[in-house]
Amino acid sequence: MKNQKYPKYEIGDIVVVTKYGSVGKITSIKQIDGQYLYEINESGGLFKENGIMLLTDYKGELFDKEQIDIEYKFFFGDLVQVKGYRDELFKVVGFRTEIWRYQEDAWEDIIYELTRVHDGEWLEADEAELILIADSEHADAFLKKFGFVYPVKKVKKPLLIPAPKEQLQHKIDRLLDKYNDYKELYSMFKDEKYMTSLHSIEKQLINLSLFIKDNFKKENK
């Protein structure tokens, strides 16, 4: 509602963001273009009045706080193989956990960032796609002793796990869903971590499209 005289809520009110079912405290109120916008938990994002309501008035399900214990199977410097790649080794250079919560579904994705040993090519892979060859402490010794087993190959194709078409489509759909979620979160909170995730997903989508295009050409030869 524009040009209202007083805000509906006050600083300190405990409210629910109805779209997510999350609870927070109003920490700031701003008036923009004749309407009041509310900052919750000093997040930097602003919510309209029709997007929040007092906790005492809310009748829907709440998103409860939870403690999530993540157990990582791989760490920086570990030497691994990726399912779908024969005779190629990768080193773990980074990893992240993406936590997804919806009203009827919940999961955590552990994504590892890798570089290929012989040429430094970058790859992202799920935890289930990795096989440990040597931990970080023994990785260099392993390469010196057995490196000759893994010949150098010049690969120009994007690094993607070979998969049936339906699996590729499922992965694209999941990435697009994630992209839209991160895009909305960034528009709300302007947090650069969401923009970083957007760039990462864009890179994966580009690689997927190149991979599919390349396979389509082969199938039609």
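The values are calculated or read from the model by the stated rules, or taken from the named source; none is laboratory data. These numbers come from a predicted model, not from an experiment. Every residue, glycine as well, gets a Cβ built from its backbone with ideal geometry; the counts of neighbours run over all protein chains shown.
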Against the conditions (1) modelled with pLDDT under 90; (2) of a type outside the set (Lys, Arg); (3) outside the structural domain of Val117 (by TED's automatic domain parsing), where does Tyr72 fall short? Just the number, please. (3)
Exactly one of Asp78, Asp105 is among the charged types (D, E, K, R) and modelled with pLDDT of 85 or more, and that residue is Asp78
Filter result (at pLDDT 80 or above and either surrounded by 12 or more Cβ atoms within 10 Å (Cβ to Cβ) or farther than 20 Å from Ile110 by Cβ (or both)) within segment 188-207: Met195, Leu198, Ile201, Glu202, Leu205, Ile206
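Listed here are the residues, each with its yes/no results for (1) in a loop (DSSP other than H, G, I, E, B); (2) out of contact with any Ser or Thr (no Cβ under 7 Å at 6 or more places or on another chain); (3) buried (at least 16 other Cβ atoms within 10 Å of the Cβ).
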residue: Pro7; (1), (2), (3): yes, yes, yes
residue: Val15; (1), (2), (3): no, yes, yes
residue: Val23; (1), (2), (3): no, yes, yes
residue: Lys30; (1), (2), (3): no, yes, no
residue: Tyr38; (1), (2), (3): no, yes, yes
residue: Asn50; (1), (2), (3): no, yes, no
residue: Met53; (1), (2), (3): no, no, yes
